[in-house]
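A.B. asks: I have a structure here, written as structure tokens, and I will follow up with some questions on it.
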Amino acid sequence: SGGDDTFKVERSLRFNMADSAYLNRTPSSASDRKKWTYSAWFKIGSESQPGRFLSAGPSSTNRTNIFLYPASSLQGIGFYSLVSGSLVAQAGSDFILADHSAWYHLVFAFDAANSTTADRIKVYINGVEQSVTYPVNVSNIDHYVNSTEAHYIGKGADGYPFDGYLAEINFVDGQALAPTDFAETDDNNNWNPKTYSGSYGTNGFYLKFADNSSSSALGTDSSGNGNTWTVNNLS
């Protein structure tokens, strides 16, 4: 990004698939399991498997995932939710993430109770809304994100580690937000991060990875909520 006054992202985390690197947290109380927003900047390492950006759930047969489609598939952003063993949502965008040298900005807005079924998932890449297909439409029920089950960043409740870089992760509990809440276009039409100034909700968090004084400090939540994550196989 540009001049001295421009918001700068200082650090990212490198998730190496071979290291099984991930973050995990289990909320102490449930909050809004139907509406939330996940925002993150990412850079692709390997697309050999559908690496998980965010996952929650107790097992491989009961989990909610946001993930990166592998190169052999659509090469976009996918969503999959199994609740009580039943497939209650499946969706994906078909935007081809072809540049492995580039940083992409993902905003995934989830609103299971939206009266317009097609608007229950909105996927934005670099501020542009993507076309989403729904093999299984999103059920208006409680999914596992914001439950009291284990949550993961960088892998899933069903495995599938993410390989690449993640930075500037904002998770907002109870709101389905637009990409302009997290980034903006400059005078040269570049899409740049900006400071999120809204509220986070009960289980919301902000991971900027600014404190590298120790491995455990990398999971520090900077939202003010104290929803810090446990660091695994990252240093």
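The values are calculated or read from the model by the stated rules, or taken from the named source; none is laboratory data. Note that the structure is a prediction, hence the values are computed from the model and not measured. As a convention, Cβ positions derive from the backbone with ideal geometry for all residues, glycine included, and neighbour counts pool all protein chains shown. Keep in mind that these areas ignore ligands, DNA and RNA; they rest on the heavy atoms of the full protein, side chains included. Shrake-Rupley method; radii C 1.70, N 1.55, O 1.52, S 1.80 Å.
Conditions (1) over 24 Å from residue 190 (Cα atoms); (2) touching a Gly at 6+ places or on another chain (Cβ under 7 Å); (3) not hydrophobic (A, V, I, L, M, F, W, C), marked per residue:
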position	(1), (2), (3)
69	yes, yes, yes
85	yes, no, yes
88	yes, no, no
109	no, no, no
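A.B. asks: Now, a different point. Identify all residues within the stretch 8-33 that are of a type in the set (Lys, Arg) and either outside any loop (DSSP other than H, G, I, E, B) or open to solvent by less than 60 Å² (accessible area, probe 1.4 Å) (or both); write none if there are none.
C.D. replies: Across the stretch 8-33, the qualifying residues are 14, 25, 33.
A.B. asks: Moving to a separate point now. Just to be sure I understand the filter: pairs with C-beta atoms under 7 Å, separated by 6 or more residues or on different chains, first member in the stretch 18-33 and of a type in the set (Asp, Glu), second member not in a loop (DSSP other than H, G, I, E, B). Which pairs pass?
C.D. replies: That search, which allows pairs on different chains as well, returns 32/173.
A.B. asks: Where the second residue is open to solvent by less than 30 Å² (accessible area, probe 1.4 Å) and the first is without any contact (Cβ under 8 Å) to a residue 12 or more places away in the chain and lies in the stretch 210-226, which pairs have Cβ atoms under 8 Å and are six or more apart or on separate chains?
C.D. replies: That search, which allows pairs on different chains as well, returns 211/217; 211/218.
A.B. asks: If we scan the stretch 79-86, do we find a residue that is of a type in the set (S, T, N, Q), more than 15 Å from residue 169 (Cβ to Cβ), touching a Pro at 6+ places or on another chain (Cβ under 7 Å) and in contact (Cβ under 8 Å) with a residue 12 or more places away in the chain?
C.D. replies: no
A.B. asks: Same structure, new question: I'm told residue 118 meets every condition in (1) in contact (Cβ under 8 Å) with a residue 24 or more places away in the chain; (2) over 18 Å from the mean Cα position of the chain (by Cα) except one. Can you identify the failing condition by its number?
C.D. replies: (1)
A.B. asks: Turning to a different aspect of this structure: Pairs only if they're at least six apart or on different chains, beta carbon under 6 angstrom, first in the stretch 147-170 and more than 20 Å from residue 30 (Cα to Cα), second among the polar types (S, T, N, Q); list them, first residue then second.
C.D. replies: Partner pairs satisfying both residue conditions: 158/60; 160/49; 161/20; 163/46; 165/12; 167/12.
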